[in-house]
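The values are calculated or read from the model by the stated rules, or taken from the named source; none is laboratory data. Owing to the predicted nature of the structure, the values given are computational and were not obtained by experimental measurement. Note that we place each Cβ from the backbone using ideal geometry, even for glycine, and neighbour counts take in every protein chain shown.
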Amino acid sequence: MNTLTKSWAMWVVRGVASVLFGVLTLLRPGASIAALVLLFGVYSLVDGSLLLGFAFRYEGPKTPYIVRGLLSAAAGMIAFVYPGITALSLYILIGVWALSAGALEIAIAISIRKEALSVGGLVLAGVLSLACGVALLALPLAGVIALVGLIAAYAIVNGAALIATGVQIHGFVRELRAS
């Protein structure tokens, strides 16, 4: 059995991390922008670390996983090194990250479509990332509360899509083992 189907849990863990990030962001909407930056930094580092770890075990094309993992890790490190960035900078950082992440999620879905039964959840996560990035970059002065709500909603829906992808891959693996 290939590495992708053995690593279904990575998709679920990434999804759970995304949902937790979104829920925590919703529960603390009045938190300072610095706290949001740090929360985003932790999420990005976890996401990037999981993808980079997976890339080294994956037998197929590694480039989308490595680029996506490095992008997330870099966004997380920037958030930690410069925690006092302004709301506009946060919009730009997360907007650019979401656009890049979305494009790379779709690239990953395309590269694994023959190995996985369904990549619809991953494509949905990519499209949602692209939409969130466009919205953030198109409306940079909408306000911090709008930013918090948009980021939280995106993180929760994106996380659910990633969890669904992991569950689909797990079901596919179970079916293969039963055959």
Counting only residues that are closer than 19 Å to Ala152 by Cα and part of a helix (DSSP H, G or I), which one in the range 65-87 is modelled with the highest pLDDT? Ser72
Scan of the range 88-98 for residues that are modelled with pLDDT under 75 and crowded, with 17+ Cβ neighbours inside 10 Å, ordered by number: Leu90, Tyr91
Counting only residues that are of a type in the set (D, E, K, R) and at pLDDT 85 or above, how many does the range 99-124 have? 1
Close pairs from the range 45-57: first farther than 13 Å from Val13 by Cβ and in contact (Cβ under 8 Å) with a residue 40 or more places away in the chain, partner surrounded by fewer than 20 Cβ atoms within 10 Å (Cβ to Cβ) and not small (Gly, Ala, Ser), Cβ under 8 Å, at least 6 apart: Arg57/Thr3
